[in-house]
């Protein structure tokens, strides 16, 4: 590996509603995730910049953080989605969504 970089993001409120959804196929909720659970898993990484004032009542990052738990639950029913993290890069208005799907087919269906 070369040219490695890192960025620090804070986890937004509401992420607790979309973390550890359902069961993995091999471990089936009976302990730690195992290699076989992840053999078909895929991650979708989405980045965005905030645009305030589009949604009524959300004119700043603080207001967005207060409101987001009202919206995160909708991802809890996405077929095959195991985890979705809502994050914002420290000191910025740039965010990301990190989605872990059990299979590529379930990711493709979501897209």
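Each label was represented as a point 7 Å from its Cα along the Cα-to-Cβ direction; for residue 85 and residue 61 these points are 1.7 nm apart.
Note on the chain: with a GNM built from Cα contacts shorter than 10 Å, the maximum mean-square fluctuation among 23, 35, 51 falls on 35.
I want to verify a result. In a Gaussian network model of the chain, Cα cutoff 10 Å, which of these has the top mean-square fluctuation: 77, 100, 87? Most flexible of the set in this elastic network: 77.
If the chain linking residue 94 and residue 20 were pulled fully straight, counting 0.36 nm for each residue of separation and taking away their Cα-Cα distance, it would gain 24.2 nm.
Rg and Dmax, both from the Cα atoms of the chain and both in Å, are 15.7, 45. Residues within the reach of a label modelled at residue 32 (point 7 angstrom out along Cα to beta-carbon, backbone nitrogen below 15 Å), restricted to region 44-86: there are none. Our estimate of slack between residue 5 and residue 70, defined as 0.36 nm per intervening residue step minus the Cα-Cα distance, is 20.1 nm. Between residue 39 and residue 111, the simple spin-label model (points 7 angstrom out along Cα→Cβ) gives 2.3 nm. The sum of -39500 (n - 2.57) across all DSSP H runs of n ≥ 4, divided by the residue count of the chain, sets its helix-only mean residue ellipticity at 222 nm to -4000 deg cm²/dmol.
Readers should treat all values here as calculations from the given coordinates under stated rules, not as data from a laboratory. What you see is a predicted model, and the numbers here were worked out from it, not measured in a lab. Using ideal geometry, Cβ is built from the backbone for each residue, glycine included, and neighbour counts are taken over all protein chains shown.
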